[in-house]
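Student: Pasting in a structure now, in structure tokens, and then I'll have a few things to ask.
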Amino acid sequence: MALIQQHHPFDPDRLPAPVLGIAAELAEHDSGLHWHQRSQLLYAPQGCMTVTLAQQWLILPPTRSVWIPGGIAHRVQLRGRVAYRSLYFDPALTAVMPPQAAVLAVNPLLAAIVERIAHWPLDYALAQPQARDLLAVLINELGGAQREKTQLRLPQDRRLAAWLATLPESDELPALAALAQRLNLHAKTLTRLFQRETGLSYQQWCQQWRLMRAIELLAALPSVSAVAQRLGFSSDSAFIAFFRQFTGTTPRRYMQGG
């Protein structure tokens, strides 16, 4: 079985099998910025992961996965205890997949296949018919998986770098005027900067960030009420209404995959 320990060194590009799967129970893990030639599918049936790319921040709660094409630098951070599953593919096997990173919904069939492959021996041969058939179903399910919106484009202007670095530990964002003053920028300049580099107004960007932060906290805190209080909502119902506005469902159902 391809089980690894918390500090076990693992380099998927050094192994010959066309598909590799690993499973691990990790806690408070930070991969650091890295990349590999193989494309990667990340999934956690329990816990929540944060994936940071050069220009994007992605949240990966249970029942969602993230597709990371080979060659893209990324950083994976795990808060709390996470059931970590990762599959690595030879690029020739995944030509139908998108060339950019994407968060994907995970249905029960896809979850079962990922779990099976994550526990394959690292030298498992695709020459076996059962393995080829399972891989074909996996690729088909990935190709048809719903794209989720739990990702946020990050502005790259160097004047925002120090502030952006504080976001993983923040629960609230400043108003536009307050941030502009903090960064010694004119509010109009900051408005144009966000629109140009993220395609969103600052207010829209903050709303998406707040949603993603809520999802991250829902995986870590014991109740919806605790998340609502942490994010400064006036009541549980106000938080649920906000969450439903952007996802079409309640926080509890969203985290259960509904």
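The values are calculated or read from the model by the stated rules, or taken from the named source; none is laboratory data. On a predicted model such as this, the values are computed, not experimentally measured, just so you know. All Cβ positions, even for glycine, are placed from backbone atoms using ideal geometry, and neighbour counts span all protein chains on display. Calculation scope for accessible area: heavy atoms of the full protein, side chains included, ligands and nucleic acids excluded. Shrake-Rupley method; radii C 1.70, N 1.55, O 1.52, S 1.80 Å.
Student: When a/c is below 1.5 the answer is rounded, else prolate if a/b is larger than b/c, else oblate, so apply that to region 51-119 with a ≥ b ≥ c taken from the square roots of the Cα gyration tensor eigenvalues.
Tutor: Working: a/c = 1.64, a/b = 1.04, b/c = 1.57.
In terms of gyration-tensor shape, oblate.
Student: Sequence gap at least 6, Cα distance under 8 Å: using those rules, report the relative contact order of region 161-256 to the nearest whole percent.
Tutor: Values: 61 pairs, mean separation 18.4, N = 96.
Averaging sequence separation for qualifying contacts and normalising by length gives 19 percent for region 161-256.
Student: With angles folded into 0 to 90 degrees, how steeply does helix 236-247 sit against the dominant principal axis of the chain? Use alpha carbons for both and round to 10.
Tutor: Approximately 60 degrees, to the nearest ten.
Student: Which value, in Å², gives the accessible area per residue of the chain when a 1.4 Å probe is used on the protein heavy atoms?
Tutor: I get 49 Å² per residue for the chain.
Student: Can you compute the charge dipole magnitude of region 119-257 about its Cα centre, using +1 on each Lys and Arg Cβ and -1 on each Asp and Glu Cβ, nothing else charged? Give it in debye, rounded to the nearest 20. Each step should come with its number before you reach the end.
Tutor: On the way: 16 positive and 11 negative charges, 124 e Å.
Using Cβ point charges on Lys, Arg, Asp and Glu, region 119-257 gives about 600 debye.
Student: Using only Cα atoms, tell me the angle between helix 187-198 and the longest principal axis of the chain; keep it within 0 to 90° and round to the nearest 10.
Tutor: Compared with the principal axis, the helix lies near 10 degrees.
Student: Show me 182-189, 96-103 ranked by packing, highest mean number of other Cβ atoms within 10 Å first.
Tutor: Working: 182-189: 12.4, 96-103: 15.0.
Highest-to-lowest ranking by the protection proxy: 96-103, 182-189.
Student: Still on this structure, I have one more. How high is the relative contact order of the chain? Use alpha-carbon pairs under 8 Å, at least six apart in sequence, and give a whole percent.
Tutor: 19
Student: Moving to a separate point now. So, with a 1.4 angstrom probe, what is the percent of accessible area on the chain that is carbon and sulfur? Please list the in-between numbers first.
Tutor: On the way: 6580 of 12720 Å².
The value for the chain is 52 percent carbon and sulfur by accessible area.
Student: Could you tell me which of rounded, prolate or oblate describes the chain, using a ≥ b ≥ c as the square roots of the eigenvalues of the alpha-carbon gyration tensor, with rounded for a/c under 1.5 and, failing that, prolate when a/b is larger than b/c and oblate otherwise?
Tutor: It comes out prolate by the Cα gyration axes.
Student: Sticking with this one: Against the longest alpha carbon principal axis of the chain, how many degrees, from 0 to 90 and to the nearest 10, is the axis of helix 202-218 turned?
Tutor: Roughly 50 degrees, rounded to the nearest 10.
Student: Spin-label point model (7 Å from Cα, Cβ direction): what's the residue 170 to residue 252 distance in nm?
Tutor: The two pseudo-label positions are separated by 3.2 nm.
Student: If one computes the Cα centroid of region 201-221 and of region 36-53, what distance in Å separates the two points?
Tutor: 19
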